[in-house]
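Worksheet for the structure shown next.
The values are calculated or read from the model by the stated rules, or taken from the named source; none is laboratory data. Being a predicted model, the structure only gives us computed values, none of them experimental. As a convention, Cβ positions derive from the backbone with ideal geometry for all residues, glycine included, and neighbour counts pool all protein chains shown.
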Amino acid sequence: MSEQEKSGTHYAVHWQEEDYYYPPAEFVGQANMTDPKVFERFSLDNFPECFKEMADLLDWDQYWHTTLDTSDAPCWKWFVGGKLNASYNCVDRHLAKFKNKTAIHFVPEPENEPIMHMTYQELYRRVNETAAVLRDFCGLKAGDRVTLHLPMTPELPITMLACARLGVIHSQVFAGFSGQACGERIWDSESRVLITMDGYYRNGKLLDHKSIGDTAVDVAAKLGQQVDKVLVWQRYPGKYSSSASMIEGRDYFMNDLLKTYARTYVKPVSMPAEGILFLMYTSGSTGRPKGVQHSIGGYLSYVAYMSKVIQDIHPEDVYWCMADIGWITGHSFIVYGPLAIAASTVIYEGVPTYPDAGRVWRIAEELDVNIFHTSPTAIRQLRKAGPDEPAKYNYKFKHMTTVGEPIEPEVWKWYYNVVGKGKAAIVDTWWQTETGGFLCSTVPALAPMKPGSAGPGVPGIHPVIFDDEGNEIPAGSGKAGNICIRNPWPGLMQTIWKDRDRYVSTYFGKYNKNPESKDWRDWPYMAGDAAVMAADGYVRILGRVDDVINVAGHRLGTKEIESAALTVEEVAEAAVIAAKDEIKGTVPDLYVSLKPGYEPSQELVAKISGAVATVVGKIARPNKVYIVPDMPKTRSGKIMRRILASISNRTDVGDVTSLSNPEVVEHIRKQVQG
Ligand code: PRX
């Protein structure tokens, strides 16, 4: 691999530096953070004590004595000695002032179903009763793991908060993931309880969801993890919306169980700050998804602060993040961050363009949403489906977010001018499942926006770009490299569940020179993204440097897709590459070669594509499956994915003469490009 490839500069699109856009005065006038000294307070000279400013947003049962303990570097411990409960901080403590205020606005996908407005008092009641079921019926206690496979309804945050109330570690698996994927996560986390729902709406259809949970339980059992209880929420309480049978002695309707625990109060368990709040599985460069482990005190402090300072949420705002709670964005910026600061947060069940391109803007108008948070893919989709729709609706955003993938300046400008009507501040937030909350973004009232660039590090985050040898690439040099963060911060994952070695090698292996060091300065965090830093310190993210594909802002491991393809009898070899896509940013193109004696056919293409959807989930379904006579390979037999990527993306394949089979390249090119 060339240096250029390693550092990801081959991703660099030759964008021009864009002009600044300044936040509207009206926004600045009301913003939560208008003090430019915040960056001084969070300078490295004040590290780590500066993070007290974040922790002080929470209520502590017992205040901590050590801000940062580095004795087990790089598994950092934050706010050591402190005790708190996340559910108490997100619910109970708001009752005195806000019990009658909406905590959650739930918007069902069918437009004829009314929007439900759940107050903090009602959320409190439901979290308590659910916690009682988990504790008293399931026998769950602090430190146990529970897998959730829940769609976008209020039952998901209610269940998460009920777990948090008990110190039970939740592991929510995105509802769009297959039974196989869910089962593997049940097994890895050693959950003996699965919480699911009978069905939910997507694109006008009530999907049968419970049956996927059944597969997950079977998969987990085969791997060696027994699930004793499956708790089933009902989309319509009292009515069963799935064709899967309920297994006696294993499956229970939440709706029935809750009757026994009506009005039960469950005392929040006072947990150590370094206790585990949740696991979130994410794709990495090797096959198995990794359980990213987040803490209670550090994580909650961090997301509360980011919700306040970067999202600019005030209790009187109506805040809508359109992500799915099954991903980190939803955990941090639909549930934990916003609720910790008493927000009214919107949960929308379905597809943004259902039943038509105006749906999102109708919801915004009806609820008077003033903070809107979504991904470039959703923005591109909405722009394509109805470029003039936003103007038809009477809503007004003060603040908008883009997250999950790089946004093209053209798309950014449509978001700003048409969706935001030129009146909203935009933040482009760059971060990851592992980082808990934002890493780079402008502080919206303090710095101008630059289309296509995330911005500088947020307060407390000190980004640096290294070349492959570990030399710093100076800001403004126009060169790309590996973006790293110089310092630890409270939102960073604690480790990978049951795999400390993988945590250390993946994120620190490349740039740590002394594995024995207890000095945080020796442990820059490597994000795995290529980036360029402009002279003003603004960062532009170019894409992943590892085998991870970002599809519509969701991370998929190429290895996961490839091994799914290899479950098909006829397939000998599989290679996945990221193909550029007008709407989704990138999509997986799958190249396969067949075992001797098999012939390519349309049926086989469908079978392979179906296998990926079954094993990983529909979200991973390849855009195209190409059955090729052979893979382009180096003399040592390595598949040259880069060449396949060039073919899919119609860029120059470069010099292929050193391959063991150069002739196959032209064959594949003709097959793909015609
Ligand atoms: O490549 C970066 C991209 O998404 C990756 C993280 O994915 P995930 O862990 O699923 O978290 C998504 C939500 C934070 C990153 O390594 N990414 C995320 N945000 C941006 C981005 N790329 C460019 N600009 C962003 N704002």
Would you point out which residue out of I619, I608, I647, I549 is within 16 Å of the ligand (Cβ to nearest atom) and either assigned to a helix (DSSP H, G or I) or of a type in the set (F, W, Y) (or both)? I619
Considering the stretch 369-385 alone, what residues qualify as being polar (S, T, N, Q) and closer than 17 Å to G350 by Cβ? T374, S375, T377, Q381
Can you spot a residue in the stretch 564-574 that is within 16 Å of the ligand (Cβ to nearest atom), more than 30 Å from I465 (Cβ to Cβ) and either modelled with pLDDT under 95 or not polar (S, T, N, Q) (or both)? no
List the number of the failed condition for R521; all other conditions in (1) in contact with a Ser or Thr (Cβ under 6 Å, 6 or more places away or on another chain); (2) away from the ligand (no atom under 15 Å from the Cβ); (3) within 26 Å of D468 (Cβ to Cβ) hold. (1)
Which number in (1) over 30 Å from I363 (Cα atoms); (2) in contact with a Ser or Thr (Cβ under 8 Å, 6 or more places away or on another chain) marks the one condition that D59 misses? (2)
Does S332 satisfy the condition of being of a type in the set (S, T, Y), within 15 Å of Y415 (Cβ to Cβ) and within 13 Å of the ligand (Cβ to nearest atom)? no
Could you grab the pairs with beta carbons closer than 9 Å, sequence gap of 6+ or different chains, first residue in the stretch 314-333 and over 19 Å from T353 (Cα atoms), second one within 13 Å of the ligand (Cβ to nearest atom) and acidic (D, E)? I328/E434; G330/D324
Could you figure out which of (1) away from the ligand (no atom under 13 Å from the Cβ); (2) surrounded by fewer than 24 Cβ atoms within 10 Å (Cβ to Cβ) isn't true of P338? (2)
Can we say V91 is closer than 25 Å to G298 by Cβ, among the aliphatic types (A, V, I, L, M) and surrounded by fewer than 24 Cβ atoms within 10 Å (Cβ to Cβ)? no
Scope the stretch 382-397; condition loosely packed, with under 15 Cβ neighbours inside 10 Å and of a type in the set (G, A, S); matching residues: A391
Those strands (runs of 3 or more DSSP E) completely within the stretch 399-517 that have 2 or more residues that are within 13 Å of the ligand (Cβ to nearest atom) and over 20 Å from M306 (Cα atoms) are 480-485
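Condition check ((1) without any contact (Cβ under 8 Å) to a residue 60 or more places away in the chain; (2) in contact with a His (Cβ under 7 Å, 6 or more places away or on another chain)) across all residues:
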{"residue": "K141", "(1), (2)": "yes, no"}
{"residue": "M152", "(1), (2)": "no, no"}
{"residue": "L161", "(1), (2)": "no, no"}
{"residue": "S171", "(1), (2)": "no, no"}
{"residue": "A181", "(1), (2)": "no, no"}
{"residue": "I186", "(1), (2)": "yes, no"}
{"residue": "L194", "(1), (2)": "yes, yes"}
Count - residues of the stretch 629-674 that are among the basic types (K, R) and in contact with a Lys or Arg (Cβ under 7 Å, 6 or more places away or on another chain): 0
Mind telling me which of the residues T614, T634 ends up being among the hydroxyl-bearing types (S, T, Y), more than 30 Å from I483 (Cα to Cα) and away from the ligand (no atom under 16 Å from the Cβ)? T614
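What number of residues within the stretch 477-486 are touching a residue at least 60 places away in the same chain (Cβ under 8 Å) and surrounded by fewer than 22 Cβ atoms within 10 Å (Cβ to Cβ)?
2
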Among the residues of the stretch 159-178, what is the count of those that are at pLDDT 95 or above and surrounded by fewer than 23 Cβ atoms within 10 Å (Cβ to Cβ)? 1
From the list I363, I379, exactly one residue is modelled with pLDDT of 95 or more, over 30 Å from Y88 (Cβ atoms) and within 16 Å of the ligand (Cβ to nearest atom). Which is it? I379
Residues of the stretch 186-239 that turn out to be part of a helix (DSSP H, G or I) and either over 20 Å from F278 (Cα atoms) or not hydroxyl-bearing (S, T, Y) (or both), as a count: 17
Somewhere in the stretch 452-470, is a residue modelled with pLDDT under 95 and on the phi > 0 side of the Ramachandran plot? yes
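Would it be correct to say that I561 is modelled with pLDDT under 90, within 16 Å of the ligand (Cβ to nearest atom) and either assigned to a loop (DSSP other than H, G, I, E, B) or of a type outside the set (K, R) (or both)?
No: the conditions fail for I561.
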Would you call N482 at pLDDT 95 or above and under 20 Å from L439 (Cβ atoms)? yes
Can you name every residue in the stretch 524-546 that is farther than 19 Å from P409 by Cα and either more than 10 Å from the ligand (Cβ to nearest atom) or of a type in the set (D, E, K, R) (or both)? P524, Y525, M526, D529, R544, D546
